[in-house]
1. With just the Cα atoms of segment 559-647, tell me how far they stretch along each of the three principal axes, in Å, largest first.
2. If I take the Cα coordinates of segment 292-335 and project them onto the principal axes, what are the three extents in Å, biggest first?
3. Evaluate 2.2 N^0.38 Å with N set to the residue count of segment 26-177, then give the Cα radius of gyration divided by it.
4. Which peptide among 194-203, 789-798 comes first, and what is the full order, when sorted by highest mean count of other Cβ atoms within 10 Å?
5. For segment 709-859, what class follows from the C-alpha gyration tensor (a ≥ b ≥ c being the square roots of its eigenvalues): rounded when a/c is under 1.5, otherwise prolate if a/b is larger than b/c, else oblate?
6. Volume per residue, Å³, of the convex hull around the alpha-carbon atoms of segment 323-481?
7. Rounding to the nearest 20 debye, state how big the charge dipole of the chain is about its Cα centre with +1 on each Lys and Arg Cβ and -1 on each Asp and Glu Cβ.
8. What is the set of long-range amide H partners of TYR707 at a cut-off below 5 Å, with H atoms built 1.01 Å from backbone N?
Amino acid sequence: MKAPAPHTELLASLRSRLQDGQKALRESYLTDSDALAMLAGRSTLIDDILRDLWQAQHFSAKLALVAVGGYGRGELYPASDIDLLILLPSSPDEKLKGKLETLVGLFWDIGLEIGHSVRTLDECLAEAAGDITIQTALLEARLLIGDAGLFKRFEKGLGIDLDPQAFFKAKRLEQDERYLRYQDTPFSLEPNLKESPGGLRDLQVILWIAKAAGLGHSWQELKAGGFVTQEEFDHLARCEATLQRLRIRLHYQTHRREDRLLFDYQTTLAEQLGAQPTKARRASEVLMQEYYRNAKSVTQLNVIMLQNIGAAIFPPPDLAPQPINERFQVAHEMLDVVHEQVFVDHPPAVFESFLLMQKDAAIKGMTARTLRALYRSRSLIDDNFRNDPANRALFLQLFQQPRGLVHELRRMNQYGLLGRYLPNFGAIVGQMQHDLFHVYTVDQHIMMVIRNLRRFTMEEFAHEYPFCTRLVSEFDRHWLLYIAALFHDIAKGRGGDHSEQGTADTQVFCERHGLTAEDTELVVWLVRRHLTMSNVAQKQDISDPDVIRAFAEIVGDERHLAALYLLTVADIRGTSPKVWNSWKGQLLQDLFSETRRLLQQGGQAPEPHGVIQERQDEAMRLLRYFALSATVHERLWKQLDTVYFLRHSAEEIAWHTRCLHYRPNDEKPVVKARINPNSEGLQVMVYTRDQRDLFARLVGFFGRAGYNIADAKIHTTRHGYALDSFVLLDVSDRDSDREMISFIEHELMARLTSEAPPEAPLTARLSRRLKHFPITPSVSIESDDKGNNYVLSLVAADRPGLLYAVATTLTRHGATLHTAKIATLGERVEDTFLVSGGGLNQSAGRISLETELLEQLKI
């Protein structure tokens, strides 16, 4: 006989109760922000509705309805799934199967999003035995209604099968894998409140392990058992409340189970939570700094708690600690304080502990009580501590050790000690940088830069940074570079020029820590100039001897040049994995090499004709490798002027000559492409009769082919031919450059021959980051030093078709393009063009072009 269906009135009543109850919970939470009341209130609401529905179905008393997962904990966020286990004493017959299917349908009918499983007791325990995820979900099981005896047998069976040591190892491994999925950092731009390092999962895993080991079911019980101190208990409560508050608000804002703090939501959340903007930072950045600092605390507590609980689950062998000195000892390969008041009795021991970690590679970490004592010692770091010569000397020694610097600086930062010792560093901890190319907080970026510098000194990374490795090996007192890296962005977020503001902090630090005048000058100079080399390499024509001469005057000598080069490479590589590429690396290395050669010549740049002769001679030497005659170059070179030979390398000149020596007057376009010999991407040469919209046509074609232009050299010969060369980088990293060579040569030549009109690149959606953190475009047009041409500089948010829009605008104004330097920094472009004509010698012409470009650059 078919089981009686619940009355329609009951379903309507339950649906209404659910809607009214959830509405009341929302209104109450938005009024009093009581997260615990909201989480428990929704759990209780669902409990009552499920029990009523279960009873209305007249299930046998031998069955049990069990809440599991987060619902089992009694914590239900506004949009969280409701996880249920229907526990059976034995396999169901057809009648019971039908009733259970009806029940599941009714769950959805009344508006409940249920995740359910139907298992017998034996099935449940068998599945849990081999699956850590199932074990974890069942660990938090809670009986809602049904056979209490069956549920107790289930709990007993689960406890018997659960191996605390195996569970601990599995959860630690699971946490490590989860961290890897989220780039092993709590400081991502759009963190996941639940799963990211520093999220709710980091707190839940502590309680799961403690419960599996029978050590406690709550923070209160762990405190009673001595696993959590009162200070840690209070800190845990604050951290958990912050994450709960954010997750509840996020669910209410999005009306779904959304745990990612996407850019789309950060601004609204900041407004709702009362975050106030400053002159230099948006409200969303203030909110995210609070989140990042909270996440850092959670990861810190996770380390301490798991280490402490692990010691109880895996009792160490009863071995006597090995003394190091009167303050420290080694206990089970971990650095341990001899008593918990070590840092209070002797404050310099704070820095000494990190120094000991650096000096002894056999020490694997710090004991839980050492970490706790360090965390409590933050308050000891005051002005008296900072002014103590012993502490200053110890801090400086950290940078001079051959190993362990990055690990220990990160540990000091994680436990709040670095920010206490350097308050200006503390101000930038957790500070986000919405500049479209940094993907780390300021403090994490600084750590990445120091890490990169350290890797230059390590043999195992020499294959990745061969040139930097050679330079740093010849650099005396290279630890000074780490000091410069520590301070290079320390003034971020204050408003104004952070490079200049940071020099004052750097000067004070160096003088207080006893650096010599020579070393102080170098470090301060590096902080002030840390952006200079990148700007010159990416925005100026480094084939121009005048540019090299001006840069050489800034650096002054080879030591400053090497230091700035090393810091620049480390800095760019530390902004984002997407910002660095081998093309930028080659630009920097070329600038370094040309500048060093000039400095070795006493700073006296050769005359332009001397540079030209040198490049021509080298080009001829290269041409001889191809068995070409000594006069092969003459027909082409007589059409090329001084500017061409100054802007192109000898290798490029030789390549152009090989391709064009037999057809300098050919009416048909010539298109040649090759793998870039100096870095990644393609190098493309176009030779054709000059045309008014040629650059726009080329830009459109390359964009539609899936390439970005990294560099462009535009030249017009004496007899009216365009000789343009480009460096192209694949937008989507298809790794198909070699296959694309024939396509580009054939298709582009066909389009130039047919004189087809320019085609705009394909459009694409803007990224969320660009949408929510736009940058105001800027355009400037200034006469160059010689007064013959104009330097057009623009800064804008990158997007498909941007360069095409610039090219078509220049065409409409009749401006002639000579060179283009395309600098893409993440999602920000800083492009520089050398142009002439188009009425630019008149103020009105420049204003008109600027105005239209600004309009084109708007998103």
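The values are calculated or read from the model by the stated rules, or taken from the named source; none is laboratory data. Small disclaimer: the values here were computed from a predicted structure and weren't measured. A quick note on method: Cβ atoms are made from the backbone with ideal geometry, for glycine too, and the neighbour counts reach across all protein chains shown. Just the protein is used for accessible areas: all its heavy atoms, side chains included, with ligands, DNA and RNA removed. Shrake-Rupley method; radii C 1.70, N 1.55, O 1.52, S 1.80 Å.
1. 49, 34, 23
2. Reported extents, whole Å, longest axis first: 39, 27, 11.
3. On the way: Rg = 16.6 Å, N = 152, 2.2 N^0.38 = 14.8 Å.
Dividing the Cα radius of gyration by 2.2 N^0.38 Å gives 1.12.
4. Working: 194-203: 23.2, 789-798: 20.7.
Final packing ranking: 194-203, 789-798.
5. Values: a/c = 1.84, a/b = 1.09, b/c = 1.68.
It comes out oblate by the Cα gyration axes.
6. Details: hull volume 21.4 nm³, N = 159.
It comes to 134 Å³ per residue, whole-number rounded.
7. Numbers: 100 positive and 113 negative charges, 185 e Å.
Dipole size: approximately 900 debye.
8. Distant-sequence amide H within range of TYR707: VAL731.
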